[in-house]
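The values are calculated or read from the model by the stated rules, or taken from the named source; none is laboratory data. What you see is a predicted model, and the numbers here were worked out from it, not measured in a lab. When we count neighbours, we look across all protein chains shown, and the Cβ atoms used for this are built from the backbone with ideal geometry, even at glycine. We work out accessible area using only protein heavy atoms, side chains counted, and drop any ligands, DNA or RNA first. Shrake-Rupley method; radii C 1.70, N 1.55, O 1.52, S 1.80 Å.
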Amino acid sequence: MVISQIIGGLGNQMFQYAAGKALAEFKGVEFKIDISSFENYKLYGYDLGNLAVTAPVASPEEINKFVGSRPGKALKFLEEKLDFLMPYGGRKFYFEPFFNFNRRFFRLPPNVYLEGYFQSERYFKNIEAITRKEFTLREEAGESYKALAGNMSNTNSVSIHFRRGD
């Protein structure tokens with residue numbers, strides 16, 4: 001089983017979900033998500049529930065099987081600096097050592113807990129059709145949103161997004 005920790009805003013949640021789903025598909029195992037971090041997270045809420053995602057939420061017992069093998073700060077620092085030397089096959093807990101694509105990602109074992117942001121399409125390019133299907137709205141947009149979308153498509157529109165978290 002692959003479990004992805006889900007945290008952050010919607011964009012980060014989508015990257016984390018897609019990477020975990022891709023690894024689980026590649027390994028032929030079940031995929032679940034861990035949303036327990038939102039209990040103490042004040043910036044954003046869990047937003048993937050508005051999308052047609054299919055992965056169930058992992059139970060606390062399932063999460064604890066993996067999180068108990070979380071490395072301490074010293075080992076985490078070493079793994080970040082020496083990732084290229086670290087074996088991947090026996091890991092039960094994997095945190096992303098850097099922000100660019102890690103080509104060794106798919107060498108992880110079939111039973112692993114993922115922590116990181118995984119902000120590269122290369123993690124989930126192999127399941128593009130699945131990702132596109134699951135990242136659609138669960139419910140159809142209401143009439144007010146449809147009217148707004150119609151107004152936007154009939155004029156020159158601009159959108160501005162402000163990052164609030166960093």
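When PHE106 is tested against the conditions (1) of a type in the set (Phe, Trp, Tyr); (2) touching a Leu at 6+ places or on another chain (Cβ under 9 Å); (3) loosely packed, with under 10 Cβ neighbours inside 10 Å, the lone failure is (3). Which condition number does TYR117 fail, the rest of (1) without any contact (Cβ under 8 Å) to a residue 24 or more places away in the chain; (2) surrounded by 14 or more Cβ atoms within 10 Å (Cβ to Cβ); (3) in a loop (DSSP other than H, G, I, E, B) being met? Condition (1) is where TYR117 drops out. Taken over the stretch 9-26, residues that are more than 13 Å from VAL53 (Cα to Cα), in contact with a Leu (Cβ under 8 Å, 6 or more places away or on another chain) and not hydrophobic (A, V, I, L, M, F, W, C) amount to 1. Residues that are open to solvent by 80 Å² or more (accessible area, probe 1.4 Å), assigned to a helix (DSSP H, G or I) and not polar (S, T, N, Q) within the stretch 130-166 comprise ARG132, LYS133, GLU143, TYR145, LYS146, LEU148, MET152, listed in sequence order. So for the stretch 13-25 (the condition being surrounded by fewer than 18 Cβ atoms within 10 Å (Cβ to Cβ) and under 23 Å from GLU121 (Cα atoms)), does at least one residue qualify? Yes - at least one qualifying residue is present in the stretch 13-25.
Apart from one condition, SER4 fits all of (1) open to solvent by 10 Å² or more (accessible area, probe 1.4 Å); (2) among the hydroxyl-bearing types (Ser, Thr, Tyr); (3) modelled with pLDDT of 95 or more; the exception is (1).
Taking GLU39, is it at pLDDT below 95 and closer than 30 Å to ALA141 by Cα? Please lay out each step first, then the result.
On the way: at pLDDT below 95: yes; closer than 30 Å to ALA141 by Cα: yes.
Considered against the rule, which asks whether it is at pLDDT below 95 and closer than 30 Å to ALA141 by Cα, GLU39 comes out as yes.
Contact map, the stretch 26-50: first residue among the aromatic types (Phe, Trp, Tyr), second residue in a helix (DSSP H, G or I), Cβ cut-off under 6 Å, separation 6 or more or different chains; pairs are PHE26/PHE106; PHE31/GLY20; PHE31/LYS21; PHE31/ALA24; TYR46/PHE38. Summed over the stretch 132-166, residues that are aliphatic (A, V, I, L, M) and touching a residue at least 60 places away in the same chain (Cβ under 8 Å) total 1. For the stretch 42-60, the set of residues classified as in a loop (DSSP other than H, G, I, E, B), within 24 Å of GLU139 (Cα to Cα) and at pLDDT below 95 consists of TYR44, GLY45, listed by residue number. It is to be established whether one or more residues within the stretch 64-78 are among the β-branched types (Val, Ile, Thr) and either at pLDDT 95 or above or open to solvent by 40 Å² or more (accessible area, probe 1.4 Å) (or both). Checked against the condition, which is being among the β-branched types (Val, Ile, Thr) and either at pLDDT 95 or above or open to solvent by 40 Å² or more (accessible area, probe 1.4 Å) (or both), the stretch 64-78 yields no hits at all. Only residues that are hydrophobic (A, V, I, L, M, F, W, C) and either open to solvent by 50 Å² or more (accessible area, probe 1.4 Å) or in a helix (DSSP H, G or I) (or both) were counted across the stretch 120-129, and they come to 2.
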